[in-house]
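Worksheet for the structure shown next.
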Amino acid sequence: MPIKEQPTPTPSRLIGNIFLALAALFLITNFILPFVLGPQIPGVPYSLFIHQVQAGEVERVQVGQNQIQFQLKTVDDQAGPVFSTTPIFDLGLPKLLEQKGVEFAATPPPKNAWFTSLLGWVIPPLIFVAIWQFFIRRGGGPQGVLSIGPFFSISGSEFVELFVGVGSSRVRDLFEQAKKQAPCIVFIDELDAIGKSRSSGGFYGGNDEREQTLNQLLAEMDGFSAEDATVIVLAATNRPEVLDPALLRPGRFDRQVLVDRPDLSGREAILKIHARKVKLGEDVKLAAIATRTPGFAGADLANLVNEAALLAARNQRSDVAQEDFAEAIERVVAGLEKKSRVLNDKEKKIVAYHEVGHALVGSLMTGSGRVEKISIVPRGMAALGYTLQLPTEDRFLMDEAELRGQIATLLGGRSAEEIVFNSITTGAANDLQRATDLAERMVTTYGMSKILGPLAYQQGQQPMFLGDGMPNPRRMMSEETAQAIDREVKEIVETAHQQALDTLKLNRDLLEAIATQLLETEVIEGEKLHSLLSQVQAVNNLTVSNRPNLNLSGVS
């Protein structure tokens, strides 16, 4: 449930608030309280005061600069009433009071007059400064480098037009305005729209509008003098590999800041920020949620918190529980449950054995994440079931044994189908694709082949529009080398396949028991699942990477 954020006040703002409170207290003490708490003396016209003096009715007078207070003579042993009047410049008043025998004196100066005078000089400037800072903060202007001047923001696609010359003209206009407002900042979003490499294999020629726009941008960015017109250019793109080298050289974009996916501590910190907007239950542990969300970016984590809050609201709860986050993780990773997608009994049985095969093989992989859930409830577009493995820590390196174990886990579902039904289905299409790709990377990229040696046979990761148009990412090689690579890839996959078959045959009874229970409940998770998987017997020592793994079964 959303709540308003309560920002922590900075020390400068706290000091300013204290000064403002003291100024308000001084104002109340000196100007308001005397009128509220002081004695209420009735006022009379000055002419009436003179008449009463001449009639001998006044006993004593106190003459002040702004007010005259006088007391009438005593009547019947009771003190006469006191009145006040506004003085008028009258030099004959002292003589008149002396002639009538009236006791008169001047108003004494107030006590602590020096302190009051000091406050009168100090407090007003402090009030002005406090009010000025208040409105400056309310304005919420840019901080840091963004406070140097105006901020121009534009998208790269706005420069691209069909007509030649329009884009370069817009670039010139933008920088002319920026130089007039210098110092200032120019921010270009989606820079790749105009900054693609000019050596693109003939996709557009030398007179192309996009290339002319890029040339104009390079000319405008060719250095800015600090004493002439300082213009800072910022740009953003999620495809830095396609940018022209001239854009990235020193003198143009000198700094490149990579915003990567957060690690474990970063995910926990991001979750704390987004979780401030919802009311969390006592059982929620953000550290555990961060552990279960490797590879999630900041937007993914924000979506996760929002999904959990929606689930809590739909269940008529006032706070978000840990189970809401668990379900939200599955929604983000695997998609929404499709309970309307009804499988017949045969298909449901095949999916059940397929997923249990993944879980049994995956549970034996040393260093892998724990198998947290097996489900045969369809999710997303094509997943008829899934096995969820969650890591216990972030991992950035994998050895050969871990990769082979991961391939064996991917082939566990197909292996279970072969053992139980003596046939195979299309449900393992995604598993086969991932296993083959991983095996090919082991041979061509990671150099994990004793026959081919520590050589890289795969080209660098480049988009097709920057390459030579060939769909095969492998380098130029002889036919014998290509055949050797294919044999190595096949050997790795077949070995992992045999490991999965041996493991499932050894644990055939457990495979039947878990699959039967899964067909009854559709979902097995938590301690119940861990207790069943703890009974799996290992054929040999298999290891797999401690990376997030979601095995989806579906028809391709």
Please give the per residue volume of the convex hull enclosing the alpha carbon atoms of the range 247-337, rounded to a whole number of Å³. 119 Å³
Rg(Cα) / (2.2 N^0.38 Å) computed for the range 394-440, rounded to two decimals: 1.30
Anything over 30 Å Cα to Cα? Flag those among Lys348/Lys505; Lys346/Lys528; Lys272/Lys349, in the order listed. Lys272/Lys349
Counting only heavy atoms of the protein chains, get the accessible area per residue of the range 296-385 (1.4 Å probe) and round it to a whole Å² value. 42 Å²
Below 8 Å between Cα atoms, with a sequence gap of 6+, how large is the relative contact order for the range 224-340 in percent? 23 percent
If you take every residue apart from Glu525 with its C-beta less than 13 Å away from the C-beta of Glu525, what net charge results, scoring Lys and Arg +1 and Asp and Glu -1? -3
Amide proton proximity set for Thr445, modelled H, under 5 Å, gap of 5+: Tyr457
Which aspartates and glutamates have a Cα less than 17 Å from the Cα of Lys277, not counting those fewer than 8 places away in the same chain? Glu5, Glu268, Asp300, Glu307, Asp319, Asp324
Could you pull out every residue, at least 5 positions away or on a different chain, whose amide H is within less than 5 Å of the one on Arg370? Hs are placed 1.01 Å off N in the peptide plane, and Pro or chain starts have none. Leu390, Thr392
Accessible-area value, Leu506, 1.4 Å probe, nucleic acids and ligands omitted, Å²: 90 Å²
Rank-order 509-515, 43-49 by packing density, defined as the average count of other C-beta atoms within 10 Å over each peptide's residues, highest first. 509-515, 43-49
Net +/- balance of residues flanking Gly413 in space, Cβ distance below 11 Å, scoring K and R +1, D and E -1: -3
Once amide H atoms are built 1.01 Å from N in the peptide plane, which residues 5 or more positions from Ala383, or in another chain, come under 5 Å H to H? none
Pop out the carbon and sulfur fraction of the accessible area of the range 353-425 as a percent, whole number, probe 1.4 Å. 54 percent
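The values are calculated or read from the model by the stated rules, or taken from the named source; none is laboratory data. What you are looking at is a predicted structure, and each value in this text was computed from that prediction instead of being measured. So basically every Cβ, Gly included, is an ideal-geometry build from the backbone, and we count neighbours across all protein chains shown. Accessible surface areas use protein heavy atoms only, side chains included; no ligands, DNA or RNA. Shrake-Rupley method; radii C 1.70, N 1.55, O 1.52, S 1.80 Å.
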